[in-house]
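Participant: Take a look at this one; I'll ask things after.
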Amino acid sequence: MSDPMIGRRALLRGAGGLAALAALPSLSACGTGTSRVSSGSNKGGGKTVVVRDSGGSYGAALQKAIYTPFTQETGIQVKVLNLDDAPLLAQIKQGRPQCDLINNSMMSHLKYLGQNALEMLDHDRIKSINSAKIPEAQVTDHAIGSSFYGQCIAYRTDAFGGRKPESWADFFDTKGFKGGRAMCSPDGDLPELEFALLADGVPADKLYPLDVDRAFKVLTRLRGDIKKFWDSGPLPGVLLSRQEVTMSTVWDGRVADLEKQGVPVTRQLNGMRRQFQGYAIAKGAANVDNAYRLMDFSLRAESQANLAKAFPSNPSSPLAYARLTEDERNALAGAPKYYDKGFDADVDWWLKNESAVTKRWLEWARG
């Protein structure tokens, strides 16, 4: 993958497909991934740690903000693999994981856990959980949440005579807010059932378990106005820029560059769906001690803030935002002024229901 905001589906594949690939012959030679080694001091006698991330601009930001400073502080060299879930899981199941630390979605970590592919964490070895005040919901026995991305509304500011959409009810109101819409396909991310329910008056704290029948009933009312189902991060911005739609769902970090370029678009964060990214240690990892050290370093409030300066990543640590300038902080969907506007995706519910919902979504989209 070239970017974690392109090909989210690679992070959210069903556990069944991963299990099937786990039975393949050895992939330890790993022709499916690429690697690089961080720059920095060489003290420490060849100590190494191997971390999986998704590469691209996100990987470059991790190198700058996390890996290189970590090597400079500890002398531990960081080798990076850009590898999708299926081949990595296959390696772990064969007892030969090429990586030690896994940077992935918390939903994917749960799928790995279902395959017994993660080490149980000793939280006492991760001091930054407490020092950075990582939210309790993002501290699990096998993974720790480090950041999130938000799915929200993007709209053209010149489309509605000065009016601003304030909610998902406005997104679904094509009479009051005229123009076409774009929404995400399951090839890009989880189906957007929550947004339909919010538009229909369901409170954010009462969303789960999702009323699937009600959600599809609301979606059907909008179906004729959906001009495109997007499957990659840049596409909503392209559709808005070309005025093919007046509103689209979007990953929150995708709007800022367009605004800087003078495109009349902005975002609305009310009802934003958050999905967290985090760290876990591969079962049978060769460098467990160093994996703990890199995880601990990455979760520091200072490290999360540095990453947010290099990439539109929303830190899980509330203390990280205080280390940013006001402009840097308010550009992020995780800023205190915005945080309560959103909700966390219930990954347990989605793990149980993703396959059935996706099948129904595909049938609905075909009309």
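The values are calculated or read from the model by the stated rules, or taken from the named source; none is laboratory data. The structure presented is a predicted model; accordingly, all values stated were derived computationally and were not measured. Reconstructed Cβ throughout: ideal geometry from the backbone, glycine too, with neighbour counts over all protein chains shown. Accessible surface is based on the protein model in full, side chains and every heavy atom, while ligands, DNA and RNA are left aside. Shrake-Rupley method; radii C 1.70, N 1.55, O 1.52, S 1.80 Å.
Participant: Find the eigenvalues of the gyration tensor of the Cα atoms of the stretch 249-350, then list the square roots of 5 times those eigenvalues as equivalent ellipsoid semi-axes, largest first, in whole angstrom.
Facilitator: Semi-axes (√(5λ), whole Å): 28, 17, 13.
Participant: If the reach is capped at under 17 angstrom between alpha carbons, list the lysines near Lys111, excluding any in the same chain fewer than eight residues apart.
Facilitator: Lys93, Lys283, Lys352
Participant: Nothing charged except the Cβ atoms of Lys and Arg (+1) and of Asp and Glu (-1): what's the magnitude of the dipole of the chain about its Cα centre? Round to the nearest 20 debye.
Facilitator: 600 debye
Participant: Out of the DSSP beta bridges found with both residues in the chain, what percent are antiparallel (nearest 5)?
Facilitator: Antiparallel bridges: around 65 percent, rounded to the nearest 5.
Participant: In addition: Determine, at each q value in 0.17 (inverse angstroms), the log₁₀ of I(q)/I(0) that the Debye formula gives when each Cα of the stretch 71-197 is one equal point scatterer.
Facilitator: Results for the stretch 71-197 at q = 0.17 Å⁻¹ read -1.02.
Participant: Okay, moving on. Compute the accessible area per residue over the stretch 300-357, keeping the other protein chains in place, probe 1.4 Å, unit Å². All intermediate terms of the calculation are to be shown ahead of the outcome.
Facilitator: On the way: 2800 Å² over 58 residues.
For the stretch 300-357, the per-residue accessible area is 48 Å².
Participant: Would you be so kind as to identify which of Phe148, Leu88, Pro234 lies farthest towards the positive end of the dipole of the chain, taking Lys and Arg as +1 and Asp and Glu as -1 on Cβ and the Cα centre as origin?
Facilitator: Sorting the options by dipole projection puts first Pro234.
Participant: Related question: Using alpha-carbon positions, what is the distance between the centroids of the stretch 269-284 and the stretch 176-253, in Å?
Facilitator: 21 Å
Participant: Once the Cα gyration tensor of the stretch 179-231 is diagonalised, what are the square roots of 5 times its eigenvalues, in whole Å and ordered largest first, as equivalent ellipsoid semi-axes?
Facilitator: So the three semi-axes of the stretch 179-231 are 20, 13, 9 Å.
Participant: If you build the Cα gyration tensor of the chain and take the root of 5 times each eigenvalue, what three semi-axes come out, in whole angstrom, biggest first?
Facilitator: Result for the chain: semi-axes of 35, 23, 18 Å.
Participant: How tilted is helix 212-222 with respect to the longest principal axis of the chain? Cα atoms for both, answer in degrees (0 to 90, nearest 10).
Facilitator: Between the helix axis and the principal axis of the chain, the angle is about 50 degrees.
Participant: Suppose accessible area is computed on protein heavy atoms with a 1.4 Å probe; arrange Val263, Val49 from highest to lowest. Please list the in-between numbers first.
Facilitator: Details: Val263 35, Val49 0 Å².
Descending accessible area places them as Val263, Val49.
Participant: Report the relative contact order of the chain, percent, no decimals, based on alpha-carbon pairs under 8 angstrom and at least 6 residues apart.
Facilitator: It rounds to 24 percent for the chain.
Participant: Which number gives the lysine pairs in the stretch 156-241 that have C-alpha atoms under 16 Å apart and are eight or more places apart or on different chains?
Facilitator: The result is 5.
Participant: Out of every Cα-Cα pair in the stretch 165-266, what percent are more than 18 Å apart?
Facilitator: 48 percent
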